[in-house]
Every structure is written in C-alpha cells, then in structure tokens.
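The values are calculated or read from the model by the stated rules, or taken from the named source; none is laboratory data. Because the structure is a prediction, the values reported are computed rather than measured. When we count neighbours, we look across all protein chains shown, and the Cβ atoms used for this are built from the backbone with ideal geometry, even at glycine. Remember, those area values only see protein heavy atoms, side chains included, never the ligands or the DNA or RNA. Shrake-Rupley method; radii C 1.70, N 1.55, O 1.52, S 1.80 Å.
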Amino acid sequence: MITPKILYEDPHLLICHKPPGLPVQTKKINTPDLESILLTYLTSKGDPPSLAVIHRLDQPVEGILVFAKTKEAAKNLNTQIQDGKMGKYYLAAVSGILTEKESRLENELIKDAKTNTSRVSRQKTPQSKKAVLEYRVLKEEEDRSLLEIHLLTGRHHQIRVQMAYAGHPLLGDTKYNPQAGKEKEWQYIALCAYKLSFAHPKTKKKMEFQVKPSGNFPIV
C-alpha cells in the first residue's frame with residue numbers, strides 16, 4: 001500500500017506528504033485513499049477519528065497537504081485559503097523553453113464534470129471561474145523547463161490546464177499533454193506541491209513546510 005509521510009502533527013493539525021498515485025478521497029470500494037489511511041492512523045493511537053480535508057491534490061500529483069483535527073481549525077484554515085493567506089508553491093516540469101522567465105497567468109476556466117477535465121474560456125461566462133498563478137523558471141534542459149509556481153487560486157486541474165494553454169504542458173500529463181501518451185494510461189505527472197505556508201489556527205505562529213519531489217521527477 002502507498003503510504004503518506006507525516007511531516008507535523010499536534011492537537012489541531014496534521015500535515016503530510018501525499019505520494020503520487022494516492023487519491024485524497026475516493027468513492028471506489030476497496031480503493032485506499034489518503035483520508036481513510038490517516039483516520040486509521042489516528043484511531044490506532046487512540047485519537048478521535050476526526051479529520052477535515054482543507055485542500056486537495058490530483059491523484060497523480062504528490063506534495064504537502066494540511067488536514068484539520070478540529071472544527072475550529074478547519075474554519076480558520078478555510079478562511080485563510082479564501083483570503084489568499086495560505087501560500088501554495090509547486091515545482092512543475094513542463095515541455096519546452098519559456099520565452100518569459102517569470103510571469104503571471106490569468107484565465108477563465110470551465111470545468112466539465114462528465115470528462116473530469118477543465119478548459120480555458122476566452123471570455124468570462126456564468127460557468128467560468130478566474131484562475132491565477134505566477135511562475136518563474138528555475139532550470140532549463142534541452143526541450144523542458146523546471147518552474148516554481150505560486151498558486152493564487154485553487155481551480156480544478158488549474159496548473160495543468162493553464163500551462164497547457166500557454167503552450168507548455170506538464171510532462172507526463174496524459175489529459176492535457178498530447179505527447180504524454182494515451183489518456184487512460186496512468187502516469188506520474190511532473191508536479192509537486194513542494195512548499196506550504198500558513199498561520200497556525202490556534203497559536204497564529206507562521207508555519208512553513210517544504211519537501212523534495214520523489215525520484216520520478218524528471219528534472220530537479
């Protein structure tokens with residue numbers, strides 16, 4: 001079984017490094033997910049099996065997630081996300097060499113629930129949601145680039161869709177990168193939520209966590 005690494009835990013929070021391939025939540029029977037694994041962990045040590053999912057990562061994506069262990073902590077963390085006070089930073093390996101080495105991308109995204117995909121709308125519609133991210137190039141190798149991405153909104157497949165629309169899809173992304181292979185073939189997507197910062201919901205102390213991508217990452 002794929003298991004997460006717990007980075008920090010106290011009576012209010014649990015922060016872990018989700019491995020690639022493990023869903024945060026799933027309705028599929030006999031399929032493990034991160035939430036159930038962590039609840040089992042809490043039960044095994046005699047803690048109340050209470051955990052609130054604050055934010056998510058796509059199943060093929062790895063990285064840092066914070067869970068709340070109390071209703072008060074969940075409310076506070078959700079407010080920080082809504083107010084843009086939770087810092088979410090990603091490492092992404094994309095196709096090609098970017099002309100602009102540092103930039104901000106703003107798009108309107110429309111989610112298609114039937115296909116579990118999102119797409120960019122050229123204009124704002126009642127169905128679209130504004131998506132914003134900032135990136136800077138960290139490294140370049142032949143026909144690929146390593147980016148640090150600061151995610152400013154949390155839309156469905158946002159980084160994957162916006163980078164593909166910009167002409168630089170993520171390596172290994174079979175949904176949005178035509179060169180990655182067939183869509184139904186699961187692959188490691190070169191995207192890692194590598195840094196997360198926020199204020200502790202109880203003490204208000206600044207919390208910051210950082211991880212390195214797994215050995216599958218194509219460029220570091």
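See the values below:
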read-out	value
Region 120-169: number of residues that are touching a strand residue (DSSP E or B) at 6+ places or on another chain (Cβ under 6 Å) and of a type in the set (Asp, Glu)	2
Conditions (1) among the charged types (D, E, K, R); (2) outside any loop (DSSP other than H, G, I, E, B); (3) surrounded by 15 or more Cβ atoms within 10 Å (Cβ to Cβ); number of the one not met by ARG155	(2)
Strands (runs of 3 or more DSSP E) contained in region 13-125 and holding at least 1 residues out of contact with any Gly (no Cβ under 7 Å at 6 or more places or on another chain) and closer than 19 Å to VAL211 by Cα	13-18, 62-68, 87-95
Residue within region 86-103 that is modelled with pLDDT of 95 or more and on the phi > 0 side of the Ramachandran plot present	yes
Every residue from region 113-129 that is within 19 Å of the chain's Cα centre (by Cα) and open to solvent by 100 Å² or more (accessible area, probe 1.4 Å)	ARG119, LYS129
Flag if ALA131 is closer than 19 Å to LYS88 by Cα and among the hydrophobic types (A, V, I, L, M, F, W, C)	yes
Positions within region 198-211 being under 14 Å from the mean Cα position of the chain (by Cα) and exposed (fewer than 15 other Cβ atoms within 10 Å of the Cβ), in sequence order	GLN210
Any hit, region 25-45, residues being in contact (Cβ under 8 Å) with a residue 12 or more places away in the chain, touching a helix residue (DSSP H, G or I) at 6+ places or on another chain (Cβ under 9 Å) and surrounded by 16 or more Cβ atoms within 10 Å (Cβ to Cβ)	no
Hits in region 1-12 - residues which are closer than 18 Å to GLY215 by Cβ and open to solvent by 50 Å² or more (accessible area, probe 1.4 Å)	ILE2, THR3, LYS5
First in region 201-220 and without any contact (Cβ under 8 Å) to a residue 60 or more places away in the chain, second anywhere and open to solvent by 100 Å² or more (accessible area, probe 1.4 Å) and in a loop (DSSP other than H, G, I, E, B), Cβ under 8 Å, 6 or more apart	LYS212/VAL220
Condition broken by ARG136, with the remaining ones in (1) surrounded by fewer than 15 Cβ atoms within 10 Å (Cβ to Cβ); (2) under 18 Å from the mean Cα position of the chain (by Cα); (3) more than 19 Å from SER103 (Cβ to Cβ) satisfied	(3)
